[in-house]
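S.K.: Below is one structure. I have some questions about it.
The values are calculated or read from the model by the stated rules, or taken from the named source; none is laboratory data. Since the model is a prediction, treat every value here as computed from it, not as a measurement. Positions of Cβ are generated from backbone atoms using ideal geometry, with glycine treated the same way; all protein chains shown enter the neighbour counts. Note: areas computed on protein heavy atoms with side chains; ligands, DNA, RNA excluded. Shrake-Rupley method; radii C 1.70, N 1.55, O 1.52, S 1.80 Å.
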Amino acid sequence: MSDTANTISPANTSRTTYIADVAVVILTRNEEANIAQALDSVSGWARQIFIVDSFSTDRTLDIAKAYQCEIVQHAFHNYAKQRNFAINGLAIESDWIFFLDADEWLTGELKKEISTVIGSNPVENGFYIKWRFIFMGRWIRRGYYPTWILRLFRKGTARCEERGVNEHLIVDGAVGRLNNDFIHEDRKSISEWIAKHNNYAGMEARELFKGSCRSGEIDARFFGTQAERKRWLRNHVWNHMPPLVRPFLFFTYRYVFRGGFLDGRAALIYHFLQALWFPLIIDVKYLEMRDLASRQD
């Protein structure tokens with residue numbers, strides 16, 4: 001285990017009866033509003049539960065200690081490095097690994113499906129699962145759903161691409177899809193959402209400034225997976241559109257042409273923030289980096 005990792009809850013690692021041979025890994029930093037929701041959804045189902053915490057200063061760890069899970073603290077550099085640390089550095093005994101964010105939870109239907117699928121010893125080494133996004137108590141469906149994310153994979157077959165943000169898992173071998181959704185439902189305030197995405201905007205701007213796809217990342221293919229198609233569109237379409245203009249086009253596409261306006265007030269707020277304000281802040285930060293670099297040449 002890394003020198004920067006610290007296991008702080010050995011008393012909570014005793015094995016209890018479980019349903020699925022899965023190790024659930026949850027990355028945390030100051031997630032007291034969400035962590036119980038995530039842990040409630042997998043406790044008693046998963047064989048192992050790991051909390052990889054980036055030195056939270058709130059009640060996250062106090063809440064987690066009430067559950068049968070192993071808590072490991074590890075310094076945060078970016079999500080890719082944190083996920084790769086979890087894959088390679090945790091004492092995972094289960095045959096399968098599921099990355100669950102602290103603001104996400106698993107439905108009973110999905111847990112039953114996962115148990116059945118992995119119990120059949122499938123040929124696939126990983127599975128894409130539909131991500132259902134809840135915002136202000138409302139399912140943001142039109143313009144956003146379904147989003148397919150690879151979170152479940154066989155131990156020893158996957159790694160995370162090294163990106164500062166929007167990282168994806170890369171699985172060796174066949175990959176399939178499951179039928180049921182898992183849920184994203186962040187219980188933090190809008191102010192915290194804005195602060196987090198302002199930080200993400202800086203990461204996105206740095207990735208944009210670096211340029212297109214680099215070695216060790218997922219392929220950028222229009223006729224590939226949803227993630228590969230999005231990467232292709234980013235590299236070959238989005239990055240060639242005028243900064244400060246493209247966010248308005250993206251918002252119009254999502255909110256108008258994809259029917260986001262049909263999901264009510266919560267959808268208006270979300271699409272405005274995520275499809276307009278967020279990419280606009282990315283562009284502003286990117287232009288600032290570009291101008292600074294040109295002055296230094």
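S.K.: Could you tell me the center-to-center distance, by alpha carbons, between region 90-152 and region 228-285 in angstrom?
M.R.: Between the Cα centres of region 90-152 and region 228-285 lies a distance of 25 Å.
S.K.: Let me ask something else about it. Which whole-Hz couplings ³J(HN,Hα) result when phi for each residue of region 69-75 is put into the Karplus expression 6.51 cos²θ - 1.76 cosθ + 1.60, θ = phi - 60°, listed in order with x for Gly and Pro?
M.R.: With coefficients 6.51, -1.76 and 1.60, one gets 8, 9, 10, 10, 9, 8, 4 Hz.
S.K.: Mind running the shape call on region 128-232? Use the C-alpha gyration tensor, a ≥ b ≥ c as the square roots of the eigenvalues: rounded below 1.5 for a/c, prolate if a/b tops b/c, oblate otherwise.
M.R.: Oblate, because a/c is 1.5 or more while a/b does not exceed b/c.
S.K.: How many nm is it between the label spots at Asp58 and Phe223, if each spot is 7 Å from the Cα in line with the beta carbon?
M.R.: Using points 7 Å along Cα→Cβ, the separation is 4.7 nm.
S.K.: Hey, what do the phi angles of region 77-90 turn into as Karplus ³J(HN,Hα) couplings, whole Hz, using 6.51/-1.76/1.60 and θ = phi - 60°, x for Gly and Pro?
M.R.: Each residue of region 77-90 in turn: 10, 7, 5, 4, 5, 5, 5, 5, 4, 4, 4, 9, x, 7 Hz.
S.K.: For a test of the definition: using alpha carbon positions, the gyration tensor, and the 1.5 limit on a/c, classify region 150-297 as rounded, prolate or oblate.
M.R.: oblate
S.K.: Sorting Arg159, Arg154 by accessible area (1.4 Å probe), largest first, what list results?
M.R.: Largest accessible area first, the residues go Arg159, Arg154.
S.K.: With a ≥ b ≥ c the root eigenvalues of the C-alpha gyration tensor of region 42-81, is it rounded (a/c under 1.5), prolate (a/b larger than b/c) or oblate?
M.R.: oblate
S.K.: For the chain, with the dipole built from +1 on Lys and Arg beta-carbon atoms and -1 on Asp and Glu ones, taken about the Cα centre, which of Val42, Thr60, Leu244 lies farthest toward the positive end?
M.R.: Final value for the positive-end residue is Leu244.
S.K.: In addition: Could you calculate the FRET efficiency of Glu93 with Thr147 from 1/(1 + (r/R0)^6), where r is the beta carbon distance between them and R0 is 25 Å, rounded to 0.05?
M.R.: 0.25
S.K.: Roughly to the nearest percent, how much of the accessible area of the chain is carbon and sulfur, given a 1.4 Å probe?
M.R.: Of all accessible area on the chain, carbon and sulfur atoms account for 52 percent.
S.K.: I'd like to check one number: the per residue accessible area of region 25-144, probe 1.4 Å, reported in Å² as a whole number.
M.R.: 39 Å²
S.K.: Please compare each pair in Lys65/Lys230; Lys155/Lys188; Lys112/Lys188; Lys188/Lys285; Lys65/Lys111 to a cut-off of 27 Å on the Cα-Cα distance and tell me which ones are over it.
M.R.: Going by Cα-Cα distance, Lys65/Lys230; Lys155/Lys188; Lys112/Lys188 fall outside the 27 Å limit.
S.K.: Let me ask something else. Take Thr252 and Ala195, extend 7 Å from each Cα along the Cα→Cβ direction, and tell me the distance between the two endpoints in nm.
M.R.: So the label points at Thr252 and Ala195 sit 3.6 nm apart.
S.K.: With the radius of gyration and the Kirkwood radius both derived from the Cα set of the chain, what is their ratio Rg to Rh?
M.R.: 0.96
S.K.: Okay, next question. Got a sec? Charge dipole of the chain, +1 on Cβ for Lys and Arg, -1 for Asp and Glu; which of Ala267, Ile114, Ile149 is way out at the positive end?
M.R.: Comparing the listed Cα positions along the dipole, Ala267 ranks first.
S.K.: With all protein chains present, calculate the accessible area of Leu169 using a 1.4 Å probe and round the result to the nearest 10 Å².
M.R.: Approximately 20 Å² for this residue.
S.K.: Right, next: So what are the ³J(HN,Hα) numbers for region 146-155, from phi and the Karplus equation (6.51, -1.76, 1.60; θ = phi - 60°), rounded to whole Hz, Gly and Pro as x?
M.R.: In residue order, the calculated couplings are x, 9, 9, 10, 8, 10, 10, 8, 6, 4 Hz.
S.K.: Work out how much length Thr116 to Met241 would gain on full extension: take 0.36 nm times their residue separation and subtract the Cα-Cα distance, in nm to one decimal.
M.R.: 40.5 nm
S.K.: Separate question: Under a GNM of the chain (C-alpha, springs under 10 Å), which listed residue has the highest mean-square fluctuation: Asp172, Asp186, Asp103?
M.R.: In this elastic network of the chain, the residue with the biggest mean-square fluctuation among Asp172, Asp186, Asp103 is Asp172.
S.K.: Over the alpha-carbon set of region 190-272, work out the extent along each principal axis and list the three values in angstrom, largest first.
M.R.: For region 190-272, the Cα extents along the three principal axes come out at 41, 29, 24 Å.
S.K.: How big is region 44-159 in terms of Cα radius of gyration and Dmax, in angstroms?
M.R.: So, for region 44-159, Rg and Dmax equal 15.4, 42 Å respectively.
S.K.: Around Arg132, what is the net charge, scoring Lys/Arg as +1 and Asp/Glu as -1 over all other residues with Cβ under 14 Å from its Cβ?
M.R.: That works out to -3.
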